[in-house]
Amino acid sequence: MSKRSTVMIAVSFMILMIALGMNDSLRGIFAPAFEEHFSISSMQLSVIIMVSYLGNLVFVSVGGNLLDRFNKKTVILSVLALWMAAITTYVVTDSYLFLLVGMFITMGTSTLLNTAISILTPIIFVVSPIFMVNLFYFVQGLGTSGSQNIIGRFFYEFASWKYINLVLLLLGLISFILIAMTKFPTIEHKKEKKKISYAQVVKTRGFLLLIIIFGTYFIAEHGILNWFLTYAVNGLQINQAKASSILSLFFGGIMIGRLLFAPLVQKIGALKSIQIFGGMGTALFVLGFLFKTNGLWLLGISGLSVSIIYPTLLLLIRFVFPEEVVATATGAIVSIATLFDIGFNLIFGGLVIALGYQISMMILPICMIAFFSSFLVLKKKVGA
C-alpha cells in the first residue's frame with residue numbers, strides 16, 4: 001500500500017471522526033432546546049436518547065458481520081451515505097417524529113463507522129495501530145469537546161440546530177469523496193473457512209465479561225454526554241455556560257489524553273493501560289459525583305484518565321478472538337452492550353420524575369465502579 005494512500009485514508013478518517021464527534025455530542029447540547037421547542041417531558045427526552053441506542057444495537061450487530069463478509073471500503077461508503085441521508089432529515093424537517101427517526105439512523109451509523117475505523121486501523125497502519133486508533137479518537141474528541149464548548153456556550157438555541165447539521169453534512173461529503181478516491185489494502189477472504197457464526201463468538205472465553213465491561217462503561221461515559229448538561233442546569237442549578245465548560249473539560253481531557261498517552265499505551269500494552277488509567281479515572285469520576293457541585297472539577301479532569309479506555313478496549317478484543325471473527329465479535333459485543341444504554345435511558349426519565357436528577361445520576365458512578373471491577377476479573381482470566 002502506497003504512502004499516499006495511507007495518508008489519504010488517515011486524513012479521510014480524521015475528517016469523518018471530527019464529524020462523528022460533533023454528531024455524538026449534539027443530543028446532550030440540544031436536550032434543553034428539544035424540551036422547549038417540541039414541548040416534551042423528561043420522559044420523552046429520554047426516548048430520544050433511547051432510540052439512538054436502539055440504532056446502535058441494530059446497525060452494529062448487523063454491520064460487524066457485514067465488515068467480516070464483504071469489501072470493507074464498500075461497507076464504509078454505504079454506511080456513510082446512509083448517515084448523510086439521515087443528517088439531511090434534520091435539515092429539511094421539523095418534528096419530534098422525524099427527530100426520533102434521524103437519531104435512530106445517525107447514531108447507529110455513527111457507532112458502526114467508529115467501529116469500522118477501529119477494526120481497519122491495525123490492518124492499514126500496521127506499524128503503530130494502538131497509537132493511530134488513539135489518534136483518531138483524539139481527533140473525534142476535537143469534534144466532541146469543541147462542539148460542546150462552542151455550540152454549548154453560544155449556539156445552543158434550537159435555531160442553530162439545522163445550520164450545525166449542514167456543517168456535519170459537508171464534512172461527511174468531503175470524507176466520502178476522499179475514501180472513494182483512495183485504494184484500500186486488499187484483505188483476503190479465505191473461502192475454505194467455515195461460515196462465521198455468532199455461536200463461535202458467544203462461546204469464546206471472555207465474551208460475557210466484555211459485554212459487562214463495555215455496557216457499564218457506556219452508561220457512565222454516555223450518561224455524561226447525554227445528561228450532564230440537563231443534570232447540572234436542572235439538578236444542581238448551574239447556568240448553561242458553566243455546565244458546558246465542565247462538560248468540555250471532561251471531553252477535552254478525553255481528547256488530549258488520547259493524543260498524550262497514545263505512545264505510552266503502545267509501549268505498555270492494552271491490559272496494563274486500562275488497569276492504570278481505568279483505576280485513576282474511576283476514582284476521580286466517583287469522587288466528582290459524591291461531592292456534587294464542589295466536585296465537578298474532579299469529574300471534569302477524570303476525562304483525562306478515562307481517555308484511552310474505549311479505543312483500547314476495542315483493540316483488546318483482537319487479543320481475545322481469532323482474526324477472522326474480530327469484526328463480528330466487536331459488532332456483537334458493542335451491540336449487546338448497547339442494551340445497557342437502552343435500559344438506562346428507558347428508566348432514567350422515570351427515575352428523574354420520581355427521585356430527581358441528583359439521586360438518579362448516581363447510577364453513573366456505580367456503573368463506573370462495575371466497569372473497572374469487571375475489567376479486573378477479565379484481566380485475571382486472560383492473563384497478563
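In table form, for the structure just shown:
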read-out	value
Residues (of a type outside the set (Ser, Thr, Tyr), buried (at least 19 other Cβ atoms within 10 Å of the Cβ) and in contact with a Leu (Cβ under 9 Å, 6 or more places away or on another chain)) located in the range 364-378	365, 375, 378
The range 257-272, subset in contact with a Leu (Cβ under 8 Å, 6 or more places away or on another chain) and surrounded by 23 or more Cβ atoms within 10 Å (Cβ to Cβ), residue farthest from residue 317 (Cα to Cα)	257
Enumerated helices (runs of 4 or more DSSP H) restricted to the range 39-148, each holding at least 3 residues that are within 15 Å of the chain's Cα centre (by Cα)	42-69, 96-124
Residue 250 vs. criteria surrounded by 17 or more Cβ atoms within 10 Å (Cβ to Cβ) and over 17 Å from the mean Cα position of the chain (by Cα)	no
Selected residue [within 23 Å of residue 237 (Cβ to Cβ) and either at pLDDT below 85 or buried (at least 23 other Cβ atoms within 10 Å of the Cβ) (or both)] from 285, 319	285
Helices (runs of 4 or more DSSP H) enclosed by the range 322-384 - at least 3 residues per element that are without any contact (Cβ under 8 Å) to a residue 12 or more places away in the chain	326-355, 363-382
Residues (at pLDDT 80 or above and of a type in the set (Ser, Thr, Tyr)) located in the range 163-212	163, 175, 182
Criterion: among the aromatic types (Phe, Trp, Tyr) and without any contact (Cβ under 8 Å) to a residue 60 or more places away in the chain - qualifying residue of 70, 34	70
Condition check for residue 290: within 26 Å of residue 25 (Cα to Cα) and either in contact (Cβ under 8 Å) with a residue 12 or more places away in the chain or surrounded by 23 or more Cβ atoms within 10 Å (Cβ to Cβ) (or both)	yes
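The values are calculated or read from the model by the stated rules, or taken from the named source; none is laboratory data. As the structure is a computational prediction, the values presented were derived from the model and not from experiment. Positions of Cβ are backbone-derived with ideal geometry, glycine not excepted, and every protein chain shown enters the neighbour counts.
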